[in-house]
Amino acid sequence: MKKLAALGLVMVMMFSITGCGDKISVTKEQNDLLAEYIAGVMLKYSYQNEWEYQKLRAAQSKMQAQEAATQGSVQQPVQQQPQVQQTAAAQEPDIPASADVMSAIAAELGLSGVEITFQDYSVDKQYPTGDVVGYVAANSGNKIVAFEFALKNESGSDVTASTKGSSLIMKMTAQDRTIVQSATLLKNDMTELDNVKIAAGETYTAVIVFQVPDKIAEDLSDMKLAAYVNGKSIGE
């Protein structure tokens, strides 16, 4: 439709000029400009010119694709180098062996002469369960997952455990979800012990508590617990 309209406009202009020749006069230069304009319009909307334009556009697109492919092949070796470096860095041992994890936790908590071992975990609406004075209740839609640890004083004298201010943070993962330990006011919170005395040879039960969504708490078969110091993992 645009082509027909443009051609029609040109024809109207031509007929208008010839039909009104006795009223409008143009110079030779003006006549040449007008003829050039009419020829340009006709060429612009002619089938042959459109075919030439499409052919040129296709050739340009092909050249751009070839240039992009050439640039990609040149840059590819440069892009691979950081990936090799990242792989090498990932292979460096960053996490101590499992046997050393508890020792690393004890050292971070300042519990010299104390051996820490994992005892058990529980899943419930509160910890500890039963009619007790101090406990942690689960938030709406959550369960309390509590991990208990035995702190055994293997030194020859009493130990006073004060773990407040430690940089240790425990995180648990389950069903591809990572959850950070909850802050509590429990006297036996392992990272919040305040002048807790452990006699020589005795064992004290400390706990780490998590608020875990109900759906995740239903299946903890793939659960893992990890310790972090200043954002860096010291082991699971």
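Side notes on the structure shown:
- Full extension of the segment from Lys232 to Leu220, taken as 0.36 nm per residue of separation minus the current Cα-Cα distance, would add 1.9 nm.
- Hz values of 3J(HN,Hα) by residue in segment 159-171 - Karplus curve (6.51, -1.76, 1.60), Gly and Pro given as x: 10, 9, 8, 9, 9, 4, x, 5, 8, 6, 9, 9, 10
- A simple spin-label model places the labels of Ala183 and Ser167 1.9 nm from each other, with each point 7 Å out along Cα-to-Cβ.
- Hz values of 3J(HN,Hα) by residue in segment 173-187 - Karplus curve (6.51, -1.76, 1.60), Gly and Pro given as x: 10, 7, 6, 6, 10, 9, 10, 8, 4, 8, 6, 9, 9, 5, 5
- Here is the list for segment 124-183: trypsin sites (Lys or Arg not before Pro) lying in DSSP coil, each with at most 13 other C-beta atoms within 10 angstrom of its C-beta, are Lys125, Lys164.
- Neighbours of Ala200 by Cβ distance under 12 Å: Lys/Arg scored +1, Asp/Glu scored -1, total -1.
- Whole-angstrom gap from segment 151-165 to segment 173-236, using each part's C-alpha centre: 18
- Distance (nanometres) between label positions extended 7 Å along Cα→Cβ at Gln175 and Leu33: 7.9
Taken together, the values in this text are just the output of simple stated rules run on the coordinates, not laboratory data. A quick note: this is a predicted structure, and the numbers were derived from the prediction, not measured. All Cβ positions, glycine included, derive from the backbone under ideal geometry; neighbour counts span all protein chains shown.
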